[in-house]
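Q: Before we start, here is the structure in question, set down as structure tokens.
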Amino acid sequence: MQQDSLRASARQRRMRLAMAALVALTLASAALYEFSFINPKFFDYALSLRTPRLLAICTAGFAIAAASLVFQTIIRNTIVTPCLLGMNSLYVLVHTLVVFVFGSGSVLAVNACAAFAVDLAVMGAAAYFIYNMIFARTGGNVLYILLIGTVLSTFFSSAQTSLTRIMDPNEYDALLNSLVANFSSVNAPLIAPALALLAVVAIWLRREIAILDILSLGREMAVNLGVDYERCVRRLMLGVALYIAIATALVGPLSFLGLITSNLARQMFRTHRHSWLIAGSVLTGVLILAAGQFLVEHAARYSVPVSVFITIGGGAYFLYLILTASRRQHA
């Protein structure tokens, strides 16, 4: 009994040290991006550009990292990402449709606030229809929802590809800039509404988030412990879809970020307590995005968007997770 207590205390100390180190690295990365290589003559001007980008980084990092970890808990699989829900593909299709129907010079294509409102309206409606109405009709089967999301994602991608094939080349060239995650051209007035919406969804789901540790035990155990499993999972899936929709509408699709942050958090903290895992995942997301944007601006000179670094690193990390999982199974 005493040895178990000592091991638990040692584990708690390691987790606190890991969290403190992660917080320090995240703050250092944010400060490096915010204040490095600034000409003192243009200090105020530089901060007026970098501060909104850093706020967008924190907003997107929080939304995607938190949603991804919750999503993996619900699915009980650590190598899936919320991009399977189809929000990224729907975002790309919506922007393609706007340019195809109204043109690249239309208000919906040029005005960032109008585009943000359209993205949220369409993706929010799709999330409600799929992860609330259909979820109830399928008897709360998460695998059905995943299958529907995968099929819809393929459908959205196919429709978008078909539209780009018959689109005017000049219109398509203008469209490409809006289809990748880009913090360099983020619209500052959109950050406050995005944060407010994220806060509203978090407050709405506060009870479900508080029992994530129980939900991670599986359906049978959660039901035996008195949890309304179907209702909780339905609300959490809708919340995950809304979080991804808000982050995607703000900065664009970042498919692999959630996979990286959630798995790194699990490897760093090795616990089933979601208070630690979500905090670790969010901090990791902000750290990665801030470091990536620093490379975009000072190493790549804006020639490569941050999503390229995320995709390359995420793809390599995904292969690593697959290979290590197969080795553990054969061991």
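Q: Among the residues of region 212-251 satisfying the criterion of being within 30 Å of A56 (Cβ to Cβ) and of a type in the set (S, T, Y), which is modelled with the highest pLDDT?
A: Among residues in region 212-251 that are within 30 Å of A56 (Cβ to Cβ) and of a type in the set (S, T, Y), the one modelled with the highest pLDDT is Y243.
Q: Take the residues in region 82-105 that are modelled with pLDDT under 85 and surrounded by fewer than 23 Cβ atoms within 10 Å (Cβ to Cβ); name whichever of them is farthest from S281 (Cα to Cα).
A: G105
Q: Only one residue in T284, T311, T271 is hydroxyl-bearing (S, T, Y), assigned to a helix (DSSP H, G or I) and touching a residue at least 60 places away in the same chain (Cβ under 8 Å). Which one?
A: When all the criteria are applied, what remains is T284.
Q: Would you tally the residues in region 201-215 being assigned to a loop (DSSP other than H, G, I, E, B) and either surrounded by fewer than 15 Cβ atoms within 10 Å (Cβ to Cβ) or hydroxyl-bearing (S, T, Y) (or both)?
A: The qualifying residues number 0.
Q: Among the residues of region 251-268, which ones are buried (at least 24 other Cβ atoms within 10 Å of the Cβ) and over 27 Å from L179 (Cβ atoms)?
A: A265
Q: Restricting attention to region 179-193, and to residues there that are surrounded by 15 or more Cβ atoms within 10 Å (Cβ to Cβ) and not in a helix (DSSP H, G or I), which single residue is farthest from the chain's Cα centre (by Cα)?
A: Top of the filtered list is N187.
Q: Of all the helices (runs of 4 or more DSSP H) wholly in region 1-112, which have at least 2 residues that are within 27 Å of E208 (Cβ to Cβ)?
A: Of the helices (runs of 4 or more DSSP H) lying wholly inside region 1-112, those with at least 2 residues that are within 27 Å of E208 (Cβ to Cβ) span 2-35, 43-75, 87-102.
Q: For region 229-238, check the following and say yes or no: at least one residue is in a helix (DSSP H, G or I), without any contact (Cβ under 8 Å) to a residue 24 or more places away in the chain and more than 23 Å from S307 (Cβ to Cβ).
A: yes
Q: Please go through region 127-147 and pick out each residue that is part of a helix (DSSP H, G or I) and touching a residue at least 60 places away in the same chain (Cβ under 8 Å).
A: Once the filter is applied, which keeps residues that are part of a helix (DSSP H, G or I) and touching a residue at least 60 places away in the same chain (Cβ under 8 Å), region 127-147 yields A127, Y128, I130, Y131, N132, F135, A136, V142, I145, L146.
The values are calculated or read from the model by the stated rules, or taken from the named source; none is laboratory data. Please read all numbers here as calculations on a predicted model, not as lab measurements. For neighbour counting, all protein chains shown are included, and Cβ atoms are generated from backbone atoms with ideal geometry for every residue, glycine included.
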